[in-house]
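Bear in mind these aren't lab numbers, they're just calculated from the coordinates by the rules spelled out. On a predicted model such as this, the values are computed, not experimentally measured, just so you know. Positions of Cβ are backbone-derived with ideal geometry, glycine not excepted, and every protein chain shown enters the neighbour counts.
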Amino acid sequence: MKKIQTIIIVLFVAVDLMRAQDSKVVTPTSLIVGVTPIFPPMIYKENGKIVGVEADFANALGKALGRRVKFVEVEWQDQIPQVQEGWTDIIMSDMSVTDTRKLRVTFAKPYLEVGQIALVRREDAARYTKGFPLPPPGTVGVVKATTGDFMVQQEFSHTKRKTYSSAEDGARALMKKRIDLFISDSPTVYWLAGLHEADGLVAVPVLLTHEQLAWAMNPADTNFVNSVNAALSQLQASGRADEILKHWIPQIDKLSAADSH
């Protein structure tokens with residue numbers, strides 16, 4: 001009888017040990033960052049490497065959290081499903097905060113205010129000297145499923161619209177006169193205007209929207225969300241966040257301070 005009792009006690013101890021092991025919280029060693037590298041200077045590829053504002057922020061965030069950063073390229077329309085399903089930990093890809101997106105993900109604190117503006121050919125710039133005509137003249141190009149695309153569909157519903165897979169594709173279409181203007185986030189438009197200055201492209205400094213950029217995460221992981229917000233606050237307090245932004249966006253003061261339409 002004593003032998004049976006001993007066996008039972010040993011079994012209970014073993015079960016308790018197994019439960020204790022199962023209950024241990026495993027700290028992730030990697031930070032899986034979902035990126036769509038088509039929005040320079042926020043996130044793009046240069047010589048095959050992921051670079052830009054978001055890449056620098058991701059590396060700084062990984063350091064703050066003690067995690068090794070791993071970039072995963074995701075199609076723009078798949079970003080939210082991927083983070084919802086746990087394939088990525090966080091979206092750091094020039095994503096604007098919208099009420100619709102808030103229903104599906106939790107955003108970190110916004111880190112930058114921007115707006116949609118237009119890229120045009122220099123010979124057409126005179127059309128916009130007195131403001132942005134509504135509806136805009138000609139055919140408008142946008143990156144598909146972005147806030148620029150949504151804004152054009154809603155506000156300029158009678159305007160002919162063409163969608164592109166990247167901002168650079170939109171700029172090339174503009175140079176080839178396949179479209180009459182290209183609308184995107186202000187950092188990207190200013191970047192493209194500088195890159196293609198010799199090709200005759202210029203930015204129209206009229207804000208068509210007011211938006212905030214932030215990183216998106218799975219709402220279920222509240223501890224991770226809190227850790228990311230704390231890390232962002234540290235980056236801002238130390239001045240590192242400003243360093244990253246000013247390094248990539250010399251025109252940062254223009255992004256949310258341009259004339260409104």
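Calculate, for Asn223 and Thr29, the FRET efficiency according to 1/(1 + (r/R0)^6) with r their C-beta to C-beta distance and R0 22 Å; round to the nearest 0.05. Please list the in-between numbers first.
Working: r = 16 Å, r/R0 = 0.73.
Rounded to the nearest 0.05, the efficiency is 0.85.
Can you tell me, using C-alpha contacts under 8 Å and at least 6 residues apart, the relative contact order of the stretch 109-186 as a whole percent?
Details: 107 pairs, mean separation 35.1, N = 78.
So the answer I get is 45 percent.
When the chain is fully extended, how far beyond the present Cα-Cα distance does Ser233 get from Lys49, taking 0.36 nm per residue of separation?
Numbers: separation 184, 0.36 × 184 = 66.24 nm, distance 2.73 nm.
Working it through step by step, the gained length comes to 63.5 nm.
Contact order, relative form, for the chain: 25 percent (alpha carbon pairs under 8 Å, 6 or more residues apart, mean separation divided by residue count).
For Val206 and Trp87, what is the calculated FRET efficiency with R₀ set at 51 Å and r taken between the beta-carbons, to the nearest 0.05?
Efficiency, from the Cβ-Cβ distance: 0.85.
Tell me the label only: which of (i) 23.5, 99; (ii) 21.6, 71; (iii) 22.6, 79 is Rg and Dmax of the Cα atoms in Å as calculated from this structure? Computed from these coordinates, Rg and Dmax of the Cα atoms in Å corresponds to label (i). Residue separation of Glu123 and Asp199 scaled by 0.36 nm, minus their Cα-Cα distance, works out to 26.2 nm of gained length.
Distance between the modelled labels on Lys246 and Lys109, one decimal in nanometres: 2.0 nm (7 Å Cα→Cβ projection). Each of Tyr44, Tyr128 was scored by other Cβ atoms within 10 Å of its Cβ. Listed from fewest to most, they are Tyr128, Tyr44. Among rounded, prolate and oblate, which fits the stretch 47-96 when a ≥ b ≥ c are the square roots of the eigenvalues of its C-alpha gyration tensor, a/c under 1.5 means rounded, and a/b larger than b/c means prolate? Taking the square roots of the gyration eigenvalues as a ≥ b ≥ c, the stretch 47-96 is oblate. Could you tell me which of rounded, prolate or oblate describes the stretch 116-207, using a ≥ b ≥ c as the square roots of the eigenvalues of the alpha-carbon gyration tensor, with rounded for a/c under 1.5 and, failing that, prolate when a/b is larger than b/c and oblate otherwise? Rounded.
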